[in-house]
Structure formats: C-alpha cells, structure tokens
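Notes follow once the structure below has been shown.
Derivation of every value follows stated rules applied to the coordinates shown; laboratory data play no part. If you're wondering where the values come from, they're calculated on a predicted model, not measured in any experiment. Quick reminder, even Gly has a Cβ in these numbers, built from the backbone with ideal geometry, and neighbours come from all protein chains shown.
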Amino acid sequence: MLTIENLAVDHGKLRAIWDLSLNVDTGARVGLLGANGAGKSTTLGAILGIYPPSEGDIRYDGHSIVGNSPPLNVESGIALVPEGRRLFGEMTVRENLEMGAYTKSARAGVADNIDHAFALFPILKQKHNDMAGTLSGGQQQMLAICRALMSSPDLLLLDEPFLGVAPILVDEVMEALRRISDEGVTMLLVEQNIHRALDFVEHAYVIENGRSVLDGAKDTLLNDPGFSNKFLGLE
Amino acid sequence: MDASIIIQIALGGILLGGLYAMVAFGLSLIYGVARILNFAHGTLLAVGGVAASAIFTATAWNPLLIMALLVPVLGLFGYVFYDKLLQPLTKRSHFEYTVGSVLVTVGALLILSDVAAWIAGPAPRNIPLRFEAMEFGDVIVSTTQAWILGGIIVFTIVLHFYIKKSWFGRAMRAVTQDHTGATICGVQADRVHALTFAFGSGIVAIAAVLYTMLFPVDPYMGFSLTVKAFTIIILGGIGNLVGALIAGIFLGLAEGFTSFFWATQWAPAISIVLLLVILVIFPQGFGWRKSK
Amino acid sequence: MSNYRYWLGGAFVLAALALIPTSGSAYTTTLLFTMLISYTLAQSWDWVGGEAGYINLAHFAFYGIGAYAFCLSLLNGIPIALCFVIAVVVTSIVALVVSFPLFRLRGDYFAFATLAILPLTELLAFNFDFTGGADGVVLPPKYVLFEAYYLAIGLVGLTAIATVWLIRTRFGYALKAIRNDEEAAEICGIRIFPAKSRVLIMSAGFASLAGALQGWQLSYIDPTTVFGLDVALIPIAMALLGGSGLLWGAVVGVIILSLFNQLLIVSLPILQTAIFGLLLLLIGRYMPGGLLRSGIIRNNRWIGFLGREHDRFVKATAGVTMTDGLPLPKQSDMKGQPVLECRNLTMAFGGNVAVDNISLTINAGEIVGLVGTNGSGKTTLFNCISKVFEQKSGDIIFLGQNLAGARRDDASKLGIGRTFQIPQPFSDLTVAENIAMPLMYRGAVSASLPDALGLATQFAEYVGLTDHLSARADSLNLQQKKALELARALACRPRLLLVDEVASGLTPMEVRNFVNHIRELRDNYGITIIWVEHIFSALAQVVDRVIVMEQGSIIADGPLDDVVRDERVLRTYLGSAAPEAV
C-alpha cells in the first residue's frame, strides 16, 4: 500500500532524513523504531505531506504522493495521530472528533464515525461535552486516535501513541489498536518502547540518523543479538 | 444627578462600545488565526465609513444596501491583501515575518487614509439619517440608536453561532488553537488564514456603516481605533467573542463617562491607560492563548 | 578592513559634513540636519530593535519628551547646556519607569503596548496646560541652524561610537543573546532585565537629544509634529529599510529614505504620505530583512561588506595559553558529600502533576543516569533543579543552599549547568560566540570578549566542533547542536551538570567517545553529572547508579545491574520481556 524509496527530507538547512526506504503492505502492522531525533516523526510528516521531500519517492496505492498537501492526502485515505496529540484544547470532545471529518468526503460519515469512536472508547462518550484540554493524557490519546479515524482512513500513521498514557490505560489503547487493525486499517507505528512495539507489529524498521539500519519480521529482530544489544539493554 | 442623563450616557457608551467590539471581533479572529498585528484594521473602518457616507450623500440608498455593497468589497480586499502581501512573509524567519507585517500593515494604513482623504476630503462626515426620537420618561432614545443596538446584539449572536457551528467557524477555531492539528484534519491552513482576513474585514464593513450612522468618521481615525481594538482583544481574550463584547462595552462606557464627568479630550486616553494597566497586571492578557 | 581605517573614514565623513554649512545654502544644511537627526533616531531605535530584538513602536515618544523638556526649560530661562541635560535626564527617567512594566511583556504584546504609548503621549501633550496644549511650545525665534547643525554632527558621532561599542562589547553580546533566547541567556549568567532596561534608557537618551536639537532648531514644537504616527514610524522604517541589526543599516536607510522623502515633497503635490506608505509596504513585502541583507548587495564585491553581520568585527585574542583539556578548575574536594538533595519535590502544571513527591540525593563525584519514558517527568525535574520552573512544593538543596525562589541565572552562578533536550543555541551567533557567552558572564574571572572567544576554542575542540567555530548555530545539524549545548554548558563552569539526551543518534564509537568525556569531566574536574539517556548500553559504560522515573515518581534508584532486574522497571520501561543479553 505504501512504499518509500530513498527518501530525503530537509528541515530548513538541516537534512533530517538521508536515505530511507520502507514498505508497508495493505492491512499490515509495521513499526518504525529508533531513538529520539532519528527521523521517525519526520518520516510520518513526510508521508502526510507536512514536510515536502527533497529527494526520493513516496508511493501510496501505486501513485506518487510527493508534493501532495496534507488535505489532499487525508482525502486519499491517510490519517495521522501526531506526536503530542495536537488536540483542540478549547473545543469539546465531540467537536474535536467532528474536526477529524473536515474533508469533504468525510463529512457524510460523521455521525457513524462518532458512534464507532464511542464504541472503541466508551469514556469518550461519557465525556463527549467536556473540553479536550481537561482530559487526562490517556484519554487525550484516545481522542487523538479517534479523531484520525474520523476520515475513515485506509492508512493510519501513529506517532508514539502511548506517550504520556498511564500504564493502566496502555492495554486499553493497545486493544483498540488491534481492533482497528482487524477492521482492515493498515498501520504504521512509531514507538520508542521496543518491546511494546514488537508486541503489536509484525514487521519493523529501525531508523538511526535518518537512515534505515535494520529491518525485518518481528521474530527475526528479536533473535538478532545485535538488535538486542543495541536496543534492549546491555552488553 | 439626573438618572436619565446617566442612562443616556450609558446608552451612548454601550453603543459606542458595541461598535468597538465589532471591530475587535474581526481583529481577534485575524490575530487568533494568523498571528498578525494588523495595524490597518481600524483604518478599514475609517475608510469604509467615509465611503459609506459618500455613497449615501450621492445616492441616499438605504444603509442596509450600502452595507450589502461594502461587505463583499472589504472582504475581497482583506483576502487579496493577506494572500498577496502577508502570506508570502510566513515563509521567512520570525523576525522578518514580524517586521515585514508591521511595515506592510502600516504602509497600508498610510496609503488607505491618504487616498481616502484625497478622494473624499479629510473632514469628518457621517450618514445623516434621522428617525423620530422615542421617549422613555426623561430618556430620549433615537430610533437610529435603538435599531443599531438591536443590530449589534443580533449580529453578535449570529456571529457566535456561526463560529461555533459552521465548518468554517470551526476551522478558524481549530487553526487558532492548534495549527498542526488543524492541518492533519485536512484544513488548508493558508486558505483559512486568507478567508479569516476576508471575514474579519467584512465584519468591519458592517461596523463601519453602523458607526457612521451614529458618529462622525474621518480618514485619519483608524489608528486610534486599532489601538482600542487591541485593548479589547487583550482584555477579552483572543478569540473570545463574549469577552470582547463585554470589554468593548466596558471601554465605551468608560469613555462616555470620562467625557461627561471629566473632559472630552481625555476620553481616548482611557483606553490606552486601561490597556497598559491590564498588561502590567496580567502580562499575558486574560486570554488563555499566549502570544508568540 | 582594519579598525583604524574605519575611524579614519568616519572622521572624514564627519569633516565633510562639517563643511556643508560653509556653502551657505540653508536648504542643504537643513536637509542634512534632518538626516543627522533621523540617523540618531533610527540607530538608537535599532539598539533595542535589532540588537535586543524588541520592536519598540514608542521610540518616537522619547524624542518628543526630550523636545518638550528642552523647550520648556529654555522657555523658563534655564541656560541652554543645562536644558539638554534636563532633556536627557527626564527622558531617561521615563524610560526607566516604563521599562519595568514593559519588559514583563514578550513579543507581540510588547509591540501592542509600545504601540499604545505613542498616542497616549500625544494626548498628554494636548491636554496638559504646561505643555501648551494644541498650540505647543514656541521658543523666542532665533536662527540657530548652524549651531544646531554642528551639535547634530557631534551627536551623530556619539551615536556611531555607541553603536560600534555595542557591537564589540560584552554588553552588546548580552543583548544579542537576549534577542535569540532569553532563557538560554539567563542560564549563561546574564541578568536580562537590567540589560534590557539599560539599552532602553540608552536609546531613549539619544532620542531625547535628537528631539531637543530639532526643537531648538525649529523654535517650535506641537503634539502632532512631535508625536504623530506617520512621523513616528519613519525612523523605524529607516532602520528596517537598511537592515536591522547591521552596522550600516541605519546609515543606508536614512540616506535613501530622506532623499526619497525630499523627492516626494518636491515633485508630488498630493498623496505624499500614500507614496511613502507604498514604499514601506513594498519594503515589508519584499525585503523585510533590509536592503543590505538582500542577495544583490551581499554578493557585490564592492559594497558587499556593508551587509556583514557583526561577528566579523571581533577577533579572538591569539596566544591564549593552551592547557591540556579544558580551562576549568580542577576540583576533587567534597567527595562523597551530597551535592544535590531533593526533598518531597512536586511540580504540577494546572492539574497535570509532572513530578510527584520526589526525594533523591546526589553525592559529589557521582555519575547518575536518569531514565524513564517520555512524559515520565525527567525533563521537568531538570527544569526544577535548574530553576527554569519554580516547584510547587518541596525543597531543592544544592551545595547546602536551598534554591527556593532562585532565578535561572542564580542557579547558573551557583554552579548548576545543563543542556536542553531540544538544543537552544543562540541561533544567529556563531559557535564560538555561543560558547563565549557564559565565559563572559559566568567565569570566575569574567573574560573580555576577545579573551572569551579564545577560550571558547578549547571548549569547541573538546566537543569536536573546531571546524565549525565560525558557523552560525542555526546551520548546524542536530548532533552538532547537541555538542554545542554541551560545550556551552561546560563553559558555565558547573559543579553539577545536567545532561539531557546528548548521545542519541551517535554511532557506537561516538558514544564511547562521549562516555570517555563524561568520565573525564568527573575524574579531572570533579563535576557531578546527572545524565538522561534512553540508550542503556551507553549508560552502562560509566554510571555509578541509575534512577528510573515513571509518571512523575521514582520507581527505582540503585546500581545499574539491580535496576534492570527490577520488576517494576521491566514492566513499565523495558517492556514485558526480560532483557535478552546478559
């Protein structure tokens, strides 16, 4: 569904991504791992169209989407749950969800998608008239995920969805992500906690300094001693 | 002290304040969305008012008709102004963006007021539409005042609901609260900026006609009006309509009573002193959103 | 171009100017007089606007207050020299008083407030009796054009000297730091409010002299002439047109706009203000950085030097003794005693508790790793210790001193140094200047600018940035910025160093290098270190113990080996699987 080839992205004069290639099959769950500053968020931003690539290609459903604006990509079926959530603090939960369906094609399905969101996370239904800024970290994350789902995306990009989520809620969020995946949504997940990521995805890419340095199916990675040493612990 | 006089002054103050608030609405939306200090905003009212007065003198049209003409004109102007002159600056560094927007809006201010003075003359003017007065006891209220007060109230309510319920209104609020968040929801931020400029300018057009029916306008009053609008925004909170209305009325009343009890020439100073005092006590204003 | 050539050139220009009146043309003299006044105004504005980064729209108010003070004094029979002094003193006092509330504001709100002051002064001038109201102040008519002109030349000379002084001294650099990042400036030991206040007073003083001279020459002032908006913005436009923050910016802007203005007056009977406004608009739209920063000028061989940024004007003093390693005091006293103690520390933002009742002790000479997921409160803890935030409750004791109520520059002076997770360098200053900043303000012996730049090279070498000494900080990549953060933090001569994720993204070799540096900093210079890091393998090489945070609390605190086997740590941080290796 999504193929990235030799991607390079600059932030002003700084090159954040040098030469990245990855592939996400339809319906798959793929992880993007690596330390802070390695380029994971930039990659997601480039896919959605927030950061225009300087080199390389991004192909979605067979077409190149390089240079497309974010609204265009959202219309095409890509959605992002960004790092830091980026919710609208002084709008209600319901209004935040409605904003997720801003694009023309999504507006028709607003009511249905809201019901779906409430089914995924009942607490959101309970708090549907509360200001988003008053929710806890975990609840905000749930809201951010649902807001992204409001455009009925085929590809969901998640940037550290467990950040600032209390451990008790992590399982609930993970469960919901599984359900979303089961419904056929393809997912690309950026995550810092290696084990948690590998718990969920089937395939993972490891990024370092803007380049992909390692990739493989989950079991392959877990059994690779180099991978363990570097990311799981100690010498 | 005669109660009727107090009420009269209060009424005048509320009307004036309500109009100030309308000007502030536009500026508040513009600043909240685009984070630009538009120094020319008040001048739009000055120039719009002069134009409305000139049209009325020439054609004696119903002010509502003049409004219907002025709103799209100023709205279009606002859109093009932002799109061609200000939007390109967003690509530059923050300092250049700030400096550039100051120069552009101040330049526009000078051009607009000078050209308007050249075309229509610098003398104050208004729309001299007279209706019979109504009497409530000792209080004399002109029908004009009553209509305009009603108009302001209705307008504020309509605006409030529009911003709350419409897709565009929600887009404006979303962009104000979180730019990136709005983008990932599929909002085209640049277009929203330009449309908000247009929208804010359109609001000023309405305020301009109403203002000119009650008070005189001249091409050079714009700047002090802009200062008052800024004061109101800071008092009421950026993007907060109800707050702006209250702050505006408060300002209008303060000016009215200062004029009467103290001296007319001190009235304009009130708004400035108020602004400075508020900023000293609350460096971030009353609003929740911080400035850049 | 060496320095003496500048002085020679300047003297030549001033001499040429001095000859003008001998031509006998009052018109030319008046024109040049106006330009001299404009230059003083534009340049003095730029000290606050271009150097410190605060756009003061009320600058002209100082001009007006100076003019009124001067004229009123003269009218009351005070000897003329004293009148000038009074003008400066009165305006400076106003600037001082006004700086207290004004500088609490940042960015746009500062501009709003200064925007409002101008019409306020106009109104005050209109309405007070002693200022003569709308009629203004009329001096007994005396033809003083030539005297005023020569005084103006003197004023311009002083302004130019003051500008050069600002560019080359510590004080000027403090302003540049403030312009870029006030928080980082404080951490380098700069007290920001006094610095801002001082430059505002300086700027006001010069503006008031300009106003006094103008009032004297015209023999007449009234509120509109002096406080009118369109007039008030002209000096600012001049500074911006040439290029704010550049040595030649105001000069170029003044010359061009004055001549343009003359042209307008002479050739257009109407719409002069509109055309002037059009010029401002075009400058703002196409060249907000100023003419001198545009490619056309900068790339030109002959006049390109006019657009040079400041850093070329100061050279590091050569021949600074190169000691081994860093010019830091070697200290190994206090071994084993607590350097930092946190007792029941809590920090919350609104309802969000980021640090929840934490207690910990760090002893001298320890290297402590601090780990936890993003959002666990590590950075907030650092922010509390370095006084970026004031904690809601609990105590922080550093070297026996309670830090309650301390400012950021206090913490820095006491010996707490830190790097930021997202580097905060002074973007438009070079690497050398960035490192030199704390050396000028934090050193045990505060160095002068050239000395500081020399010492900076040693720190730069230590972190591997020798090749980038003259590069602007905002042109560095993330790794280099982190290295710069570290160098600058070390230049603050810390006793306790808080390192926030410096190693991520490095190759194993680079990590090993970095770890060696950390060890050296402790062994040779006695610096205690708390290091936030995600990569355990890096920490494992050097830390004495590890503290693990989660959701604002400490869930483990002990030797690394114990911590990685701790149940809670495994569950929340490393994930549910036990580590593979070991």
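With R₀ fixed at 60 Å, the C-beta to C-beta distance from A:Asp199 to C:Ser448 puts the FRET efficiency at about 0.55. For chain C, the longest principal axis of the Cα atoms and the long axis of helix C:449-462 meet at an angle of about 30 degrees.
A simple rule links phi to the HN-Hα coupling: the Karplus curve 6.51 cos²θ - 1.76 cosθ + 1.60 with θ = phi - 60°, which for the range C:397-407 gives 10, 10, 6, x, 10, 6, 8, 4, x, 6, 8 Hz, with x for Gly and Pro.
At C:Lys392 and A:Ser64, where each label point lies 7 Å from the Cα along Cα→Cβ, what is the point-to-point distance in nanometres? In this crude label model, C:Lys392 to A:Ser64 measures out at 5.3 nm. Rounded to the nearest whole Hz, the Karplus-based 3J(HN,Hα) values (6.51 cos²θ - 1.76 cosθ + 1.60, θ = phi - 60°) of the range C:470-477 follow the sequence 9, 7, 5, 4, 7, 9, 7, 7, with x at glycine and proline. Scaled to the globular estimate 2.2 N^0.38 Å, the Cα spread of chain C, given as radius of gyration, is 1.16.
Put simply, the range C:1-54 fits an ellipsoid with semi-axes of 26, 19, 5 Å; these come from the alpha carbon gyration tensor as the roots of five times its eigenvalues, largest first. Residues whose amide H comes within less than 5 Å of that of A:Ser212, counting only those at least five positions distant or on another chain, are A:Asp19, A:Ser21 (H built at 1.01 Å from N in the peptide plane).
Using only side-chain charges placed at the Cβ, +1 for Lys and Arg and -1 for Asp and Glu, the dipole size of the range B:3-281 relative to its Cα centre rounds to 680 debye. As a calculated quantity, the FRET efficiency between C:Ile256 and C:Asn299 at R0 = 22 Å, using C-beta atoms, amounts to about 0.70.
Between A:Asp19 and C:Asn524, the modelled labels are 3.6 nm apart [label points 7 Å from Cα along Cα→Cβ]. Quick one: of C:Lys176/C:Lys413; C:Lys196/C:Lys387; C:Lys176/C:Lys482; A:Lys104/B:Lys165; A:Lys40/C:Lys176, which pairs are farther than 24 Å apart, Cα to Cα? Violating the 24 Å limit, Cα to Cα: A:Lys40/C:Lys176. The calculated Kirkwood hydrodynamic radius for the protein assembly as shown is 32.3 Å, given to one decimal from all distinct C-alpha pairs.
Our summary of shape: the Cα atoms of chain B have principal axis extents of 59, 45, 35 Å, ordered from largest down, in whole angstrom. Residue-wise HN-Hα couplings along the range A:83-100, as the Karplus relation 6.51 cos²θ - 1.76 cosθ + 1.60 with θ = phi - 60° gives them from phi, are 5, x, 6, 6, 7, 9, x, 9, 10, 6, 3, 4, 5, 4, 5, 4, 4, x Hz; Gly and Pro carry x. Normalising the Debye intensity of the range C:2-229 to I(0), with uniform scatterers on Cα atoms only, and taking log10 at q = 0.16 Å⁻¹ returns -1.12. Listed from fewest to most Cβ neighbours within 10 Å, the set C:Thr22, B:Thr258, B:Thr212 follows the order C:Thr22, B:Thr258, B:Thr212. Across peptide B:269-280, the average count of Cβ atoms from other chains found within 10 Å of a residue's Cβ is 5. Treating each Cα of the range A:130-201 as an identical point scatterer and summing with the Debye formula, the log10 of I(q)/I(0) at q = 0.16, 0.18, 0.21, 0.23 Å⁻¹ comes to -0.55, -0.69, -0.95, -1.12. Only aspartates and glutamates eight or more places from B:Lys91 in sequence, or on another chain, were considered; those with a Cα closer than 20 Å are A:Asp10, B:Asp83, B:Asp178, B:Asp190, C:Asp108, C:Asp428, C:Asp474. Charging the Cβ of each Asp and Glu at -1 and of each Lys and Arg at +1, and nothing else, the dipole of chain C about its Cα centre rounds to 980 debye.
List the residues whose amide H sits under 5 Å from the amide H of C:Ile555, counting only those 5 or more places along or on another chain, with H placed 1.01 Å from N in the peptide plane. Under 5 Å from the amide H of C:Ile555: C:Val548, C:Met549, C:Glu550. Placing +1 on the Cβ of every Lys and Arg and -1 on the Cβ of every Asp and Glu, with nothing else charged, gives chain A a dipole about its Cα centre of roughly 500 debye.
Mean per-residue shielding of peptide C:116-124 is 6, counting Cβ atoms of other chains within 10 Å of each Cβ.
Each label was represented as a point 7 Å from its Cα along the Cα-to-Cβ direction; for B:Lys164 and B:Ile5 these points are 4.1 nm apart.
Mean partner shielding of peptide A:70-76, defined as the number of other chain Cβ atoms within 10 Å of each residue Cβ, is 4. In chain A, a dipole from Cβ-located charges (positive for Lys and Arg, negative for Asp and Glu) runs towards its positive end, and of A:Gly210, A:Asn113, A:Val170 it is A:Asn113 whose Cα lies farthest in that direction. Full extension of the segment from B:Ile246 to B:Ala58, taken as 0.36 nm per residue of separation minus the current Cα-Cα distance, would add 64.0 nm. If R0 is taken as 30 Å, the Cβ-Cβ distance between A:Thr26 and A:Ile168 corresponds to a FRET efficiency of 0.35. In the range C:90-150, one over the average inverse separation of all distinct C-alpha pairs is 14.5 Å, which is the Kirkwood hydrodynamic radius.
Mean separation of Cα pairs under 8 Å and 6 or more residues apart, divided by the residue count, gives chain C a relative contact order of 15 percent.
Restricting attention to chain C, close to 60% of DSSP beta bridges with both partner residues there are antiparallel.
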